[in-house]
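Novice: I'd like to ask you about the structure that follows.
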């Protein structure tokens, strides 16, 4: 499993797990609306208590605080897990002499390969292992790329593929 993905999951869990505990604490501290009425069943008592809580000023304050808390947790988790669209910037370009440009004709993410149309018009095979980057490596149809050409088992193929800048 990708370590960045694992870190994002752990960060989200660490932020989200204490949120219900804080909410329960806020409700307990800020309200005294949960009382028991012996004439109601256990299920009705819970519903009546919830209605009474949400109808009280303390309940509304606790609810607004909980919304802000959960919203903040979600916002932080989403921002920590944000990934740039193209994670190919970690690798400096090599000499341009042996690199070509082209456009992705198609790329099947589930099969991990596709074809690039070279600027000369010829099509060349590309495998996901030849794409620069970390984690999930894929290309989008119509995307401009730079690559080196090498001889593969079944003919020419693109190697060292990176997204073209500009």
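Read-outs throughout are calculated quantities, based only on the coordinates presented, and are distinct from any laboratory measurement. Predicted, not measured: the structure shown is a model, and the values here were computed from it. Every residue, glycine among them, receives a Cβ derived from its backbone with ideal geometry; neighbour counts consider all protein chains shown.
Novice: If we count other beta carbons within 10 Å of each Cβ, what is the order of 154, 105, 165, fewest first?
Specialist: On the way: 154 7, 105 15, 165 10.
Exposure proxy ranking, most exposed first: 154, 165, 105.
Novice: So for the range 96-163, averaging the separation of alpha carbon pairs under 8 Å that are six or more residues apart and normalising by length, what relative contact order in percent results? Walk me through the intermediate numbers first.
Specialist: On the way: 141 pairs, mean separation 23.0, N = 68.
Dividing the mean separation by the residue count of the range 96-163 yields 34 percent.
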